[in-house]
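The values are calculated or read from the model by the stated rules, or taken from the named source; none is laboratory data. Not measured: the values here are computed from a predicted model. Methodologically, a virtual Cβ is constructed for each residue, glycine included, from the backbone with ideal geometry; neighbour enumeration extends over all protein chains shown. Keep in mind that these areas ignore ligands, DNA and RNA; they rest on the heavy atoms of the full protein, side chains included. Shrake-Rupley method; radii C 1.70, N 1.55, O 1.52, S 1.80 Å.
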Amino acid sequence: MRTPMMAALLLLAAAAAPALAAPQVSFDQGVDVSAIVAQAKDAVKKDKTPVKMHALRYDMDCATISFGAADKTVSDRVWLRSQEWNTQCVPVGDPRHGGGQNCWEVPGTSWSQGVQITLQGRGALLPWERDSFRVCMNGPWVYADPIQTAYDYKEISNGNDGDIVMAAVGRTPEAPDPVGVLATVTPQLVATFTDKWASYYPGETITLRVELKKDVPIFPDSTLLKKDIVLPVAASYSVDLSKYASEFSQQPAAGKKYYVRYSIRRDGGTVSSTAFTDELETAKVSYAPAALAFAR
């Protein structure tokens, strides 16, 4: 007669190794319980069939395609590649006592595609402007996103065949040339700004954001003045920073080194956006007050 314990052991042996035959038991000759348990454990150890999981990921590959004012409106082709990775696992340990899985990734399908962008209906760009796009392949899918463009674009042909067509639907002011205005500073703290593109901004104003900085060895440089100065657009701008001495956090010392950190904003908002450019710096100069400079 099969006892409940024997039945349980037989079920354990069968469940532990479903791909293997159940242990052979003779009820007429008695049951060797330890042999059944040992056979079940051995079946678990031998059953290493990988279980393929649904989890997967792709290596994404991206590149930048950029069009300048003098460039043709069809880009060169860039090559992108994406690799699929699948997760496979095998069971380890006894699931009744915290067993788990060992998992690893194996490569699946890979894709490669030459990608180019064609721009349609785009007007002329200003000399410093660029239309820049980020193109990516993620698995079998290819797409493009604008980084910075002088026009709004609508995608009219996706890139799954490698050819992305973007149609201009309206101009949007791009950031001004980050090096369109360059500055120098004299030992008397007179800053001169030269505006390379003044002729493109007739009737507008420009904001010069200036910081007068003292060069401090080892320690962080100190700021004597930070000020926004608004002027009509012109080929050059001269700003005597010593006229703002009453606003200085400290008075400049003769012989010490100073420089100007600056950025500009085009205030009209029609030719360029009204964002400030990244900061630039002049060369460092040794301060010489006007009276001292005259005496020399």
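See the values below:
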| read-out | value |
| --- | --- |
| Theoretical gain in end-to-end length, Thr274 to Lys196 [0.36 nm per residue, Cα-Cα removed] | 26.3 nm |
| Per-pair calculated FRET efficiency, R0 = 41 Å: Thr64 and Cys89 via Cβ, rounded to 0.05 | 0.60 |
| Value of relative contact order over the stretch 135-181, rounded to a whole percent, pairs C-alpha under 8 Å and six or more apart | 31 percent |
| FRET efficiency, Ala234 to Ser112 (Cβ-Cβ, R0 45 Å, nearest 0.05) | 0.25 |
| Length gained when the stretch Arg81-Ala254 is fully extended (0.36 nm per residue, less Cα-Cα span) | 56.2 nm |
| Viscosity 1.306 mPa s, 10 °C: Kirkwood-radius Stokes-Einstein D of the stretch 95-221 over Cα pairs, µm²/s | 78 µm²/s |
| Label point distance in nm, Val216-Glu204, each placed 7 Å from Cα along Cα→Cβ | 3.7 nm |
| Carbon/sulfur fraction of accessible area - the stretch 175-296, other protein chains in place, 1.4 Å, % | 56 percent |
| Accessible area (Å², per residue) of the stretch 99-162, counting only protein heavy atoms and a probe of 1.4 Å | 50 Å² |
